[in-house]
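Every read-out reported here was derived from the displayed coordinates using simple, explicitly stated rules and does not represent laboratory data. Keep in mind the model is a prediction, meaning the values are calculated, not measured. Note that we place each Cβ from the backbone using ideal geometry, even for glycine, and neighbour counts take in every protein chain shown.
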Amino acid sequence: MMVLRPKVVSQFKLHPDAMKILEEVAKVVVVPGFSHEDLMAEMSDADALIGAARVDEAFLNRTPRLKIVASFGVGYQDRVDVEACTRRGIFVTYTPNVLSGTVAELTIGLIICLARAIPLADAYVRRRWWRPRAKPLSLGVDIEGKTLGILGLGRIGYEVAKRAKAFGMGILYYDIVRNQKAEEEGLASYVPFDELLRASDFLTIHVPLIPETRKMIGERELRLMKKTAYLINMARGGVIDEEALCKALAEGWIAGAGLDVFAKEPLPKDSPLIKMKNVVLTPHIGSATVEARRRMALMNATDVVRVLRGEEPINIVPEQRGRLPLKAS
């Protein structure tokens, strides 16, 4: 009697080291791109999913063999219905701790790009510098001595604070959970939300997208910020009211923004953000380094293999800890 191998569906081409781990115990199918139809065509007999798909009741109704959803990243709350998975005995895992430094590096990169207008300077050299009587660029600003406000001082926010401290920035933060470690180390000082908005020269967002944080930064909040302040979003696009942000940038309520995430992705070509010179845009690449993606893939692969072997995964999401028995094979 032939025994069928478990089936793992991945939305990404994973690092070879992770593929090797998975292929020792399962058949692995990679569904390129984010076509829902192509993904669902493979999911009806799948035992595991690795990726960033929206997993809701409708999705789960079509995946009767599913045992684990391995979210490729740390932000899963806006995509995965954890309670629905829990009711079905399906594990949900994520990749904490292995990408925090990587995302923090891009955050600092966006801060520097905004402070020194690096994208505009690059374009100036390529298009105008050589021309006679070319108009000089406007002056940038130092980040040393400026106040960095961190909205959400979790793993990533903490790593941002460490790096910002090295640049001589003063660091304030707001979070619904106080970070005692950061405070005791003298790394960051807690302030109420509105005070964070008023005091920050650079405000960077690192909160999950949940009902309480959706459009957390809207017109009221943007008007509280300094006209010389810059806003950086490395979390989820839905945390900001994008229409209000476009208005704030166009009318000068704030000086500029660095955005790696958007309300709709890919960012539509007719978005006002694309033509704004006081905005630096990146295509959701917070964790997009060779090293981080290898670590993430290995973490997902390890958890998937554990579940397929009848063991509990290591990186189970907090909402499921202590609540979920192993699903029978």
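Taking θ as phi - 60°, what are the ³J(HN,Hα) couplings along the range 195-211 by the Karplus curve (6.51, -1.76, 1.60), each to the nearest whole Hz, with x for Gly and Pro?
Here the 3J(HN,Hα) series is 5, 4, 5, 6, 8, 7, 7, 10, 10, 10, 9, 9, 10, x, 8, 10, x Hz.
Around residue 173, which amide H atoms from residues at least 5 apart in sequence, or from another chain, sit under 5 Å from its own amide H, with H modelled in the peptide plane?
150, 189, 190, 191
Using the charge dipole of the range 74-203 (Lys, Arg: +1 at Cβ; Asp, Glu: -1 at Cβ; taken about the Cα centre), state which of 196, 145, 89 has its Cα farthest towards the positive end.
145
Would you mind checking the radius of gyration and Dmax of the range 100-281 based on alpha-carbon positions, in Å?
16.4, 57
Take the residue pairs 146/275; 181/277; 135/165; 135/275; 226/277 and return only those whose Cα atoms are more than 30 Å apart. Please report the intermediate quantities before stating the final value.
Working: 146/275 28 Å; 181/277 38 Å; 135/165 35 Å; 135/275 20 Å; 226/277 19 Å.
Exceeds cut-off: 181/277; 135/165.
Give me the percent relative contact order of the range 100-281, please, defined on Cα pairs under 8 angstrom at least 6 residues apart. Before the final figure, lay out each step's value.
On the way: 314 pairs, mean separation 35.8, N = 182.
Across the range 100-281, relative contact order equals 20 percent.
What list of ³J(HN,Hα) couplings, whole Hz, do you get for the range 111-122 from phi and the Karplus terms 6.51, -1.76, 1.60, once you set θ to phi - 60° and write x for glycine and proline?
Each residue of the range 111-122 in turn: 4, 5, 4, 6, 5, 10, 6, 4, x, 5, 5, 4 Hz.
Only bridges whose two residues both fall in the chain count here: according to DSSP, what percent of them are antiparallel, nearest 5? Walk me through the intermediate numbers first.
Numbers: 1 of 39 bridges.
Of all bridge pairs located within the chain, approximately 5 percent are antiparallel.
Mind sorting 293, 126, 163 by how few other Cβ atoms lie within 10 Å of their own Cβ, fewest first? Mind dumping the intermediate values first?
Working: 293 21, 126 9, 163 16.
Sorted ascending by nearby Cβ count, the order is 126, 163, 293.
Name the long-range amide H neighbours of residue 30: under 5 Å, sequence gap of 5 or more, or other chain; modelled H, no Pro or chain starts.
10
What is the spread of the Cα atoms of the range 18-126 along each of their three principal axes, largest first, in whole Å?
The principal-axis extents, from largest down, are 56, 28, 27 Å.
When the helix-only estimate is applied to the chain (DSSP H runs of n ≥ 4, each -39,500 (n - 2.57), divided by the residue count), what is the mean residue ellipticity at 222 nm, nearest 500 deg cm²/dmol? Numbers along the way, then the final one.
Working: 12 runs with 113 residues, N = 329.
Helix-only estimate at 222 nm: -10000 deg cm²/dmol.
Identify the GluC sites (Glu not before Pro) of the range 22-110 meeting these criteria: DSSP loop state and at most 11 other C-beta atoms within 10 Å of the C-beta. Intermediate results must be reported in sequence, preceding the final value.
On the way: sites: 23, 24, 37, 42, 57, 83, 105; in loops: 24.
Within the range 22-110, the qualifying GluC sites (Glu not before Pro) (loop, at most 11 other Cβ atoms within 10 Å) are 24.
Any idea what the dipole of the chain comes to, in debye rounded to 20, about its Cα centre with Lys/Arg Cβ at +1 and Asp/Glu Cβ at -1? Numbers along the way, then the final one.
Values: 47 positive and 40 negative charges, 190 e Å.
In total the dipole reaches around 920 debye.
Need one number: nm distance between label points at residue 97 and residue 265, each 7 Å from Cα along Cα→Cβ, rounded to one decimal.
For residue 97 paired with residue 265, the spin-label model returns 2.4 nm.
What order do you get for 138, 271, 71 when you list them from fewest to most C-beta neighbours inside 10 Å? Please list the in-between numbers first.
Numbers: 138 7, 271 16, 71 26.
Exposure proxy ranking, most exposed first: 138, 271, 71.
Determine which lysines satisfy two conditions relative to residue 7: a Cα distance under 19 Å, and not lying fewer than 8 residues away in the same chain.
Partners within reach: 20, 27, 67, 327.
What are the ³J(HN,Hα) values, in whole Hz, obtained from phi via the Karplus relation 6.51 cos²θ - 1.76 cosθ + 1.60 with θ = phi - 60°, for each residue of the range 257-266 in sequence order, with x given for Gly and Pro?
So the Karplus estimates, Gly and Pro as x, are 8, x, 10, 9, 9, 9, 4, 10, 10, x Hz.
What is the sum of charges around residue 240, taking Lys and Arg as +1, Asp and Glu as -1, for the other residues whose C-beta is under 15 Å from the C-beta of residue 240?
On the way: positive: 214, 215, 220, 223, 236, 247, 264; negative: 78, 212, 219, 221, 241, 242, 243, 260, 265.
Around residue 240, the surrounding residues sum to -2.
Only sites in a loop by DSSP and with at most 10 other Cβ atoms within 10 Å count here; which GluC sites (Glu not before Pro) in the range 123-205 make the cut? Don't jump to the answer; show the numbers that get you there.
Values: sites: 144, 159, 183, 184, 185, 195; in loops: 144, 185.
Filter output for the range 123-205: 144.
State the label only: which of [x] 40, 33, 16; [y] 100, 20, 15; [z] 40, 22, 18 corresponds to semi-axes √(5λ) of the Cα gyration tensor in Å computed from the shown model?
So the structure-derived entry is [z].
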